Structures are given as C-alpha cells and as structure tokens.
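The values are calculated or read from the model by the stated rules, or taken from the named source; none is laboratory data. These numbers come from a predicted model, not from an experiment. Glycine gets a Cβ as well: all are built from the backbone with ideal geometry, and neighbour counts include every protein chain shown. For the accessible areas, the whole protein counts, side chains as well, though only heavy atoms, and no ligand, DNA or RNA atoms are used. Shrake-Rupley method; radii C 1.70, N 1.55, O 1.52, S 1.80 Å.
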Amino acid sequence: MALSGVEIFKHLPKTNCKECGHPTCLAFAMKLAAKQANLDSCPYVSKEGKEFLSSASAPPIRPICIGHGDGSVKLGEETVLFRHEKKFVNPCALALSIDDSLPDTEILKRIDGVKTSEIERVGQKLRVEMISVGHTSSDPSRFSAVVKLIRENAPKIPLILNSKDPAAIESALPHCKGARPVIYAATKDNTEAMVKLAKENSAILGVYAEGLDALSSLTEKIKGMGLDDLVIDPGASTPRRMIEDYTMIRRSAIKKGFKPLGYPIITFTSSKDVFAESMKASIGIAKYASIIVLDSIERWKMLPLITLRQNIYTDPQVPMQVAQKIYKIGDANEKSPLLLTTNFSLTYFIVQGEVENSKVPCWLAIMDVEGLSVLTAWAAGKFTAPKIASFILESGIGDKVARKELIIPGYVSILSGALEEKLNSDWKVVVGPREANALPAFLKNRAA
Amino acid sequence: MPFVVPKENYTGRIYTVEIGTGEKAVKVGGANTLPYLGFEGEIPNPPAIAIEIQDIPAKDWPETLKKPFDGVTDDPAAWARFCEKELGVGIIALRLISTHPDYGDRKPEEAAKTVEAVLGAVSVPLIILGSEHVEKDTQVLKVVSEAAKGRNCIIGKAQEENYKTIAASAMANNHKIIAMSQLDVNLAKQMNILLMQMGFDKERILTDPMSSALGYGLEYTYSVMERIRLAAIVQNDPAMQPPLVSDIGRNVWKAKETIASESDIPEWGSVEERGITFEAVTAISMIMAGSDLLIMRHPKAIEIVKKTINELMER
C-alpha cells in the first residue's frame, strides 16, 4: 500500500539538513511518495525508519524469480484485481507434474512433452515453463534420482520439488545447485527443516497451510526466520474455494497492504478427469494463480489454456497486433482477390474468419497501423493513400496476382481516388463492404 | 498481524429473470456479489446454459460438432426434442439463420412455423434468435414473438438500429429481450436505457455485450463484462443490472482452433477434444467475468462446464 508524503515524513529525521538535495525533510518525503526520490539519499534515517519505509514501499505482491538463465520465470508484482485497470504484470507459469513412481521411460516422455510444448500465437511463443517433481515413491533416493534425470535432460526448465519430507528435498537439492527451484512445501510440521534447506540452497519456498488464517501465520513465522522468497498455497481444491481464497489473497495484499499474503499463489489442478482439470486451470489463470501445476499437458488441452493466459495477460492499453504482410487464405492463386485491412488483431481475426467462411481463396494484405482498427487508423493519419500505396507496392503482391485490383474496407471508400493515383496506373481500387460480415456475400458475388 | 477477511459491502443486485413456464422454467441472475465471492453475498442461481440449434440442417458445422447431432438436424423440432430428452439440456436457443438475406431469406411466417413446431416439441424454455440482419430481424422477430406468445421466451437480439419494433412485440407478447451492443460498457448501458425509456421493464432485459471466442477478442468481452458487473454490484447502477448473456458457440466453432485437423496442424493435437475444450474454456472464462446465461453448441462442452458450475455453487 502506498504511503502518503506526510506518513513518510513521520519516519524521517526531521532535521532539514538538505543533504538529500531537498530543502526540507517534508519536501523529500513528498518526492518519495511520488517515487521521484530514493530513500538512500538520506544519510540520517534511522534503521527502524528505513525498514518501515522500505517494506511499505515494496510491491504488494513480492516479485519472485524461479530458475536461472533464459528458462527462468518471473512471478508476482501484481498491482490490480481487474485487468481493465492495468495490465496483469507477470503471466502465470504452467507446470507439468512428473511423479517419481513413474518408470524412467515415462518420465523421459513427459520431459519431452514439456520441451516441445511451444505454440506460436499472434507473434508470441508460448509454452509450458516448469516441471513439478512429485514424490509418491516414499524413497528419498528415488526422488533424488528422478530430479537428477530431469535436470540432465532439461537443464533450463525450472523445477518444483514437491515433497513435504525434508529428507527427500535434501537428497534432491544437490542436483539443483544455482537453479533456484521451488521447494514445495513448508507446512506447520516441517517449517524449521524446510526453511533451513531453502536458505542454504537459495531456493524459493512454497508454503502450504489449509485456509488463509493458518497460511498467514505460517508465512509470518517464516519471514521472521529470515526467508521472504515464498509462494503460497491455501489448499483451495475446489473451483469455488480457488476463486474465493485467491481473491481474498490478492485483495488483502493489494488493497489492505497485508504482507503475510503478498506472495505469488501456487495451485495444483489435479482432477478426476482431464476436462475438469482444464476448467480448474482456466479458473486459476483468470483468478490470480501464479503457478499452475497440471497432471497432463495434451496438446489439445494446452492450446486453449495457453490462449486464455495470453488473453488475460494482454495489456488492455496496447492493442494486440498481427505482423504486417500479405496473408494467403485458402489456396489463393494469381486469380484470387486481394483485400486490404489493418493489423489490429480483432480486425484481422474477424476479416480472416469471414474470408475463410466465404470459402473463396484470397490474399489478405494486413498493414501495420500500430494495431488500430480501420476507422481509427484512418482518423489518426496512419491509414492514408500514400502509406497504403507504398505498402502494397513494396510487398511485391503485384507480381503474384493477374488482376491488379485492391479491395479496400468500405469505411475508407473516400481513399479510393487518391489511392488509385498513388498506386501505379495498372492498379484498380475497389470499395469493399463496411462490415466484415458482409464479406462472404461480397466475395461470392465477385466470384460468380 | 492476524488475517482479516477483506470483505466489501455492495449495494447492487442483478435482476432475477425467469424464462419459460411451468416446472421447466429457469431463473437467471439474482446475485448481489461479484462472481462466486460467496463470502460477501448471495448467488441464488447458477449460470444457465442453453444449447444452440438452428432452422436449417447443420451442414456447415465442423465434423466434431455435427457428430453428436447426427440424423436430427434436418428437422428443428426433432433437434430440439433430442436436446431436451436425450441430452437433458435445460434451455434451447433456436437461431433463425435462414431468414438472413444471404442464407435463404426465409419469410417471417415460415420462421414462425418453425418456432411453433419447436415450441410444440419441447417444454424447456426457448431463446429465439434472429439472424442479426438489422432490417430483417425487425420483421422476423415481430412475427415469431407473436407465435411464441404465452411461453415466456427470450427474444433477441435487439440492437440500437432496430430495437423499437423488436422490443414492442416482445413486450406485447410477454417475452424477455436480449439487448446487444458492440463491446463497450457505455453502449451496453445506453442500449438498456433506450429499452427502459420506451417502457420495457428493466427486469425483463438481458445484456449481450457481444461475445467472442477464446483467442479472438475474448479479453475485450471479458473486461467489458467485468466492468458492467462492477457497475451493477459496486456502483449499484440500475441500468447495468440485467443478467449477462454470452452467445459463444457460434464464435468458438468458427475459429481455426476448433476446425483444423490434427494432420494439418500436429502441434495442436486431437481436433475433437481440442474443439470441445476450446468451447468449455471460453465458457468458464465468461462465467468468471459474470455471465449468467451462455449459449453453447457442443453437448460435451456443456456437460464439462455444468460440472464445474455445480462445484462453483457448492460452498
């Protein structure tokens, strides 16, 4: 929770020594509140004052980085409850659970599933980021061997060591040197041992307690022991409890500044059937979970989940854009019509969908106008005759079509004259429909 | 520092809208808290799901979607009966797609016959949807609204350009209405206000803020719905308190993700499970954002979402 200038002032020395570069302590406090100054500029602030102020200015949900190198995953730092207020900061990580009672061949198959999970969508490469190693074998040496096997085969993938037995964790940690895994989990029964292991190995500690009362007491206790890099699990196993508990956690942290719950949430969506797991994972994605551990990652299941994550974590202030190029829809050839529109992802999706609907193969020229829709781009001067003409001419599409005819959106019919002038004389401009849903009829009529 | 439940006090409540008649009538809406925050309010009715059928055979539908309706889509009444009796679906949504000038241009009277036949075949509530052709819908929905008199249906969709005639006939024949606008909080509110200004009871309106499929603008619909729900519950705005409708099936089953075969795009996996999950994930996201009534297509996707709804309603 952000402090006001006056609240900050109370914790400053109030000597007006000016050494911070500001005329008075109050002026300095105001700058601090506006985040235009740094507390380090004050040489005389007391230790208590400094502790209080730095904890008060810390982000409400602690940033946590798991793993190392280019496979590492950043979580937390969220600042809002609803995505229209401000972008959700760090997309939740998806993890596959691999149990140590599985045979090695199956384990290798599952590792491979994670390594090949990448899907490209609207220019982003998206994938399953983590592996959670489960410990049902009750043999710490087996657990350690499986962790070793995974580390050897997937050295970049951050791990969750999922066992409440400190002995198992201890036996596996030597394989995770410098790899910042998550130890899952500390409970009220193993706190001291797990905290010690997490500290000694600079690992992230997962904290599990049933319910938010017990969970907050446990994280406070652990913080008191000097460990603050935590992820938390209140044991919400049903969809309803996930929504309620995770909302309470996010709200407590962001609106009340309640530190004991200001950590990323980890959830296990294990379910009776694979479809039910998709539903729980969706709820986790929409409602504030930061790590979602799945029982299985079939490709058909991950496409919708990864798409949902992309949608939820899109910046609401920055329109999603598709790349500028001439897209081929269906078996377009030299006789196929050429249509033009802008690179706002929704515009592209709708136009592309309607063209596909029409079953008429087409060339779809998508022009980069910084993700604006047709009318907005035109109004903003980004979708003008000279700009369109240079895009079309430079694209080289003129060599691929027999009839040099460009169909433009009906909303910018006003451009047709100027555009014809700017394009070379052998081009013709045709005004298409205003709305995409009229495209199938329009294209079919032309084809007839 | 002990944990204190961060409860908020709200003053708003979503209207409860009842559709259909007799034992099979369904209530939607009624919550006085944000979606599924049962610790600070009541959620008296689960989100309802309607299954979509249409007045022409499902020839254009993807294979995954045709399969469960094999042999019943030639006759809308048989199709509707199949949905009620065999699938156990609680609400039917009949889309009169063939009235669209580009898809058959059937006359309002023909559409009315279809509506009568469907109503004769089922006892569950019916949602009657036009083809969303602005001019044609005014003619069609007026006539079918009369044909469905006494059955307390939902008629849709009324848009800014055509709401007057549609609303007048829905009102005269005692139906509920879907007010549709295009992905904008203020337009959604304005549409509700326009209906209220012509005397349409605000507690008989359902708001469709324009649905989208997962991956195809879902984030816009999601946030518009969250904002409408916040205005209704937190700010107690009576023009934002009608239940929300999500008409997702037709968007989902148009997306490449639900149609492309595994041999075309191997990295997307099995097309059947993929399509079903795509629709179910779209539905559950809309439910998170506040949807009270969903219009869906695949019976298996409906079944999956219903199971999750049951769990959402359990405390």
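Residues are listed down the side, and each one gets a yes or a no for (1) in a helix (DSSP H, G or I); (2) modelled with pLDDT under 95; (3) over 19 Å from B:Leu244 (Cβ atoms):
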{"position": "B:Lys136", "(1), (2), (3)": "yes, no, yes"}
{"position": "B:Ser145", "(1), (2), (3)": "yes, no, yes"}
{"position": "B:Gly150", "(1), (2), (3)": "no, no, yes"}
{"position": "B:Thr165", "(1), (2), (3)": "yes, no, yes"}
{"position": "B:Ala170", "(1), (2), (3)": "yes, no, no"}
{"position": "B:Asn174", "(1), (2), (3)": "no, no, yes"}
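Residues in segment B:262-281 that are within 8 Å of chain A (Cβ to nearest Cβ), touching a residue at least 24 places away in the same chain (Cβ under 8 Å) and crowded, with 24+ Cβ neighbours inside 10 Å: B:Ile276, B:Thr277, B:Phe278, B:Ala280, B:Val281.
Among the conditions (1) closer than 30 Å to A:Ala365 by Cβ; (2) within 13 Å of chain B (Cβ to nearest Cβ); (3) not β-branched (Val, Ile, Thr), A:Lys325 misses just one, which is (2).
Counting the residues of segment A:106-154 that are part of a strand (DSSP E or B) and open to solvent by less than 40 Å² (accessible area, probe 1.4 Å) gives 8. Residues that are within 40 Å of the chain's Cα centre (by Cα) and among the basic types (Lys, Arg) within segment A:9-27 comprise just one, A:Lys10. Within segment A:94-105, residues that are in a helix (DSSP H, G or I) reach partners that are open to solvent by 30 Å² or more (accessible area, probe 1.4 Å) with beta carbons closer than 7 Å, at six or more positions or on different chains, in the pairs A:Asp104/A:Leu149.
Residues checked against (1) of a type in the set (A, V, I, L, M, F, W, C); (2) not in a loop (DSSP other than H, G, I, E, B):
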| site | (1), (2) |
| --- | --- |
| B:Lys27 | no, yes |
| B:Pro35 | no, no |
| B:Glu42 | no, no |
| B:Glu52 | no, yes |
| B:Ala58 | yes, no |
| B:Lys67 | no, yes |
| B:Glu84 | no, yes |
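Taking residues in segment B:1-19 that are closer than 19 Å to B:Gly290 by Cβ and within 14 Å of chain A (Cβ to nearest Cβ), and partners anywhere that are modelled with pLDDT of 95 or more and buried (at least 19 other Cβ atoms within 10 Å of the Cβ), the pairs with Cβ atoms closer than 6 Å and at least 6 places apart or on different chains are B:Tyr10/B:Ile233.
Of all the listed residues (A:Ser336, A:Ser296, A:Ser358), the sole one being more than 14 Å from chain B (Cβ to nearest Cβ) and among the hydroxyl-bearing types (Ser, Thr, Tyr) is A:Ser336.
Within segment A:20-29, can you find the residues that are touching a helix residue (DSSP H, G or I) at 6+ places or on another chain (Cβ under 8 Å), surrounded by 12 or more Cβ atoms within 10 Å (Cβ to Cβ) and either outside any helix (DSSP H, G or I) or of a type in the set (D, E, K, R) (or both)?
Answer for segment A:20-29, where residues must be touching a helix residue (DSSP H, G or I) at 6+ places or on another chain (Cβ under 8 Å), surrounded by 12 or more Cβ atoms within 10 Å (Cβ to Cβ) and either outside any helix (DSSP H, G or I) or of a type in the set (D, E, K, R) (or both): A:Cys20, A:His22.
The set of residues in segment B:286-310 that are in a helix (DSSP H, G or I) and acidic (Asp, Glu) contains only B:Glu303. For segment B:243-261, filtering for residues that are under 19 Å from B:Phe69 (Cα atoms), more than 9 Å from chain A (Cβ to nearest Cβ) and either without any contact (Cβ under 8 Å) to a residue 12 or more places away in the chain or not in a helix (DSSP H, G or I) (or both) leaves 2.
Within the group A:Gly410, A:Gly417, which residue is open to solvent by less than 20 Å² (accessible area, probe 1.4 Å) and of a type in the set (Gly, Ala, Ser)?
Unique residue meeting the criteria: A:Gly410.
In the set (1) modelled with pLDDT under 95; (2) open to solvent by less than 10 Å² (accessible area, probe 1.4 Å); (3) closer than 12 Å to A:Thr341 by Cα; (4) not aromatic (Phe, Trp, Tyr), the condition left unmet by A:Leu364 is number (1).
Quick grid of which residues meet (1) at pLDDT 95 or above; (2) touching a strand residue (DSSP E or B) at 6+ places or on another chain (Cβ under 6 Å); (3) closer than 24 Å to B:Trp61 by Cβ:
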site	(1), (2), (3)
B:Met198	yes, no, no
B:Asp201	yes, no, no
B:Gly215	no, no, yes
B:Gln241	yes, no, no
B:Ser246	yes, yes, yes
B:Ala260	no, no, yes
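Candidates are the residues of segment A:192-222 that are away from every other protein chain (no Cβ under 11 Å) and among the charged types (D, E, K, R); the one that is nearest to A:Ile265 (Cα to Cα) is A:Glu210.
Taken over segment A:46-72, the residue count meeting the criterion of being open to solvent by 20 Å² or more (accessible area, probe 1.4 Å), at pLDDT 90 or above and outside any helix (DSSP H, G or I) is 7. A:Leu227 meets each of the listed conditions (1) part of a loop (DSSP other than H, G, I, E, B); (2) in contact with a Ser or Thr (Cβ under 7 Å, 6 or more places away or on another chain) apart from (2).
Is it true that B:Tyr222 is modelled with pLDDT of 95 or more, within 11 Å of chain A (Cβ to nearest Cβ) and either closer than 28 Å to A:Phe82 by Cα or not in a helix (DSSP H, G or I) (or both)?
yes
Among the residues of this structure, A:Ile306 does not count as one that is facing chain B (nearest Cβ under 7 Å) and either within 20 Å of B:Val305 (Cα to Cα) or not hydrophobic (A, V, I, L, M, F, W, C) (or both). Picking from residues in segment A:295-326 that are among the basic types (Lys, Arg) and open to solvent by less than 20 Å² (accessible area, probe 1.4 Å), the one that is farthest from B:Glu272 (Cα to Cα) is A:Arg309. Scanning segment A:106-135 for residues that are hydrophobic (A, V, I, L, M, F, W, C) and in contact (Cβ under 8 Å) with a residue 60 or more places away in the chain gives A:Val114, A:Ile119, A:Val122, A:Leu126, A:Val128, A:Met130. Apart from one condition, A:Phe349 fits all of (1) open to solvent by 10 Å² or more (accessible area, probe 1.4 Å); (2) in contact (Cβ under 8 Å) with a residue 12 or more places away in the chain; (3) within 14 Å of chain B (Cβ to nearest Cβ); the exception is (2). Checking each residue in segment A:80-91 for being within 14 Å of chain B (Cβ to nearest Cβ) and within 20 Å of A:Thr307 (Cα to Cα) picks out A:Phe82, A:Arg83, A:His84, A:Lys86, A:Lys87, A:Phe88, A:Pro91.
A residue that is touching a residue at least 24 places away in the same chain (Cβ under 8 Å), among the aromatic types (Phe, Trp, Tyr) and either farther than 22 Å from B:Ile228 by Cβ or surrounded by fewer than 21 Cβ atoms within 10 Å (Cβ to Cβ) (or both) cannot be found anywhere in segment B:80-97. Taking every residue in segment B:300-315 that is more than 7 Å from chain A (Cβ to nearest Cβ) and pairing it with any residue that is surrounded by fewer than 18 Cβ atoms within 10 Å (Cβ to Cβ), at least 6 positions away or on another chain, the pairs with Cβ-Cβ distances below 6 Å are B:Ile309/B:Pro46; B:Met313/B:Pro46.
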